[in-house]
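Enquirer: Structure incoming, see below.
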Amino acid sequence: MASISLKSMLTTTAYKFNQFPSHFSLFSPKSLSFSPSSPFLSLKSSPSFVRSFAMGDATTVDVTMDAVQRKLMFDDECILVDESDNVVGHDSKYNCHLMETINAGKALHRAFSVFLFNSKYELLLQQRSATKVTFPLVWTNTCCSHPLYRESEMIQEEVLGVRNAAQRKLLDELGIEAEDVPVDQFTPLGRMLYKAPSDGKWGEHELDYLLFIVKDVAVNPNPEEVADVKYVNREELKEICRKADAGEDGIKLSPWFRLVVDNFMYKWWDHVENGTLKDAVDMKTIHKLS
């Protein structure tokens, strides 16, 4: 028998009723029990159903997950691609980030990473919020997310779909208004393919578009997404990397950001300062990094 706290069960039940009402036949009166002396509801179901409910799948919800992140995990549909970036389907953000799906070779999806510099050529970093499902509280580039399986974010020409998604998420995560980051001012520099576990359950397997932009913007971080932000120059970024390597100050970096730093960052930073970003563009190559 498995037990789930009453508060979590009721929260999850309300969510599931709105999202998946047809599945409430699973909760027959005989499958639930409640003891006045214990704040737990008990599921008297088969081990496979209890495990499915606890872990989550297309029709169940992980009760340990922050409500905002849970909604994003189930509402957002990522674009599945092959290693040549051809669209092969779509799946929920939840399924795309399960290590079980990743290890089965069914989770490779499009992503993007934005690197926003101010007019002093300092790079804006964010620390991911504590409620993030993958890589909570790690420092990373300005904004990292996914174009979704919708018409406006699947436009291939001029990488417009990915640019549209980047503009959307800069507003969602950092409060940067769309008019401050016009889609035509993003410069897509390249693509990389990587795989990285976050913990035993979650991970990333992404074909990541790397977008640079130089703009002075007003930043108003969304605390559901972002714990902290800071602008850094080259030397400050190098010191952050040193501390991450040494395990100092609890600093951790996202794996995709570290791959960019180690392989491209400083030579591309030269182009940022020299106003020659277009000379660095290589959208034909997909860099397979690990």
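Enquirer: What net charge is computed for the residues neighbouring residue 88, neighbours being all others with C-beta under 13 Å from the C-beta of residue 88, Lys and Arg scored +1, Asp and Glu -1?
Expert: Around residue 88, the surrounding residues sum to -2.
Enquirer: Per the 1.4 Å probe, what fraction of the accessible area of the stretch 62-217, in percent, lies on carbon and sulfur atoms?
Expert: That share works out to 48 percent.
Enquirer: Give the residues of the stretch 209-224 whose amide nitrogen is closer than 13 Å to a point set 7 Å from the Cα of residue 177 in the direction of its Cβ.
Expert: Correct set: 217-220.
Enquirer: For the pairs 201/267; 132/195; 132/201, note any where the Cα-Cα span goes beyond 25 Å. Don't skip to the answer; put the middle values down first.
Expert: Values: 201/267 35 Å; 132/195 18 Å; 132/201 13 Å.
Pairs exceeding 25 Å: 201/267.
Enquirer: Turning to a different aspect of this structure: More than 19 Å apart: what percent of Cα pairs in the stretch 109-164 qualify?
Expert: 43
Enquirer: Can I ask one more? Classify the stretch 230-290 as rounded, prolate or oblate from the Cα gyration tensor: take a ≥ b ≥ c as the square roots of its eigenvalues, call it rounded if a/c is under 1.5, otherwise prolate when a/b beats b/c and oblate if not.
Expert: Oblate shape, in that a/c is at least 1.5 and b/c is the bigger or equal ratio.
Enquirer: Dipole magnitude of the stretch 180-290 about its Cα centre, charges +1 at Lys/Arg Cβ and -1 at Asp/Glu Cβ only, in debye to the nearest 20?
Expert: Using only the charged Cβ atoms, the result is roughly 440 debye.
Enquirer: Just want the answer: with Cβ charges of +1 for Lys and Arg and -1 for Asp and Glu, which residue in 256, 166, 233 is farthest toward the dipole's positive end in the stretch 163-262?
Expert: The residue sitting farthest along the positive end of the dipole is 256.
Enquirer: Let me check I've understood the local charge: for residue 132, count other residues with C-beta under 10 angstrom from its C-beta, Lys and Arg +1, Asp and Glu -1. What total comes out?
Expert: So the environment of residue 132 carries a net charge of -2.
Enquirer: Under a straight-distance cross-link criterion of Cα-Cα below 14 Å, which aspartates and glutamates are reachable from residue 169, leaving out those fewer than 8 residues away in the same chain?
Expert: List returned: 76, 153, 177, 179, 180, 224, 225.
Enquirer: In whole percent, how big is the carbon plus sulfur part of the accessible area of the stretch 227-290, probe 1.4 Å, protein atoms only?
Expert: Here it works out to 45 percent.
Enquirer: Here is a further query. I need the shape label for the stretch 69-114. Rule: rounded when a/c is under 1.5, else prolate if a/b > b/c, else oblate, with a, b, c from the alpha carbon gyration tensor.
Expert: oblate
Enquirer: Tell me which residues come under 5 Å, amide H to amide H, from residue 212 once H is placed; ignore anything under 5 positions away on its chain.
Expert: 115, 187, 189
Enquirer: Rounded if a/c is under 1.5, else prolate if a/b is larger than b/c, else oblate: which is the stretch 138-290, with a ≥ b ≥ c the root eigenvalues of its Cα gyration tensor?
Expert: In terms of gyration-tensor shape, rounded.
Enquirer: Determine the gain in length on full extension of the stretch residue 290-residue 155; use 0.36 nm per residue of separation and subtract their C-alpha separation, reporting nm with one decimal. Let's see the in-between values first.
Expert: On the way: separation 135, 0.36 × 135 = 48.60 nm, distance 2.80 nm.
Residue separation times 0.36 nm, minus the Cα-Cα distance, leaves 45.8 nm.
Enquirer: Spelling out what I want: for every residue of the stretch 97-106, take phi, set θ = phi - 60°, compute 6.51 cos²θ - 1.76 cosθ + 1.60 (Karplus), and round to whole Hz; glycine and proline get x.
Expert: Here the 3J(HN,Hα) series is 10, 7, 4, 4, 6, 4, 5, 7, x, 10 Hz.
Enquirer: With a 10 Å radius around each residue's Cβ, average the other Cβ atoms per peptide and rank 115-125, 204-214, highest first.
Expert: So the order, starting with the most tightly packed, is 204-214, 115-125.
The values are calculated or read from the model by the stated rules, or taken from the named source; none is laboratory data. All values reported here derive from a predicted model rather than from experimental measurement. A quick note on method: Cβ atoms are made from the backbone with ideal geometry, for glycine too, and the neighbour counts reach across all protein chains shown. The accessibility values were calculated without ligands, DNA or RNA, using every heavy atom of the protein model including side chains. Shrake-Rupley method; radii C 1.70, N 1.55, O 1.52, S 1.80 Å.
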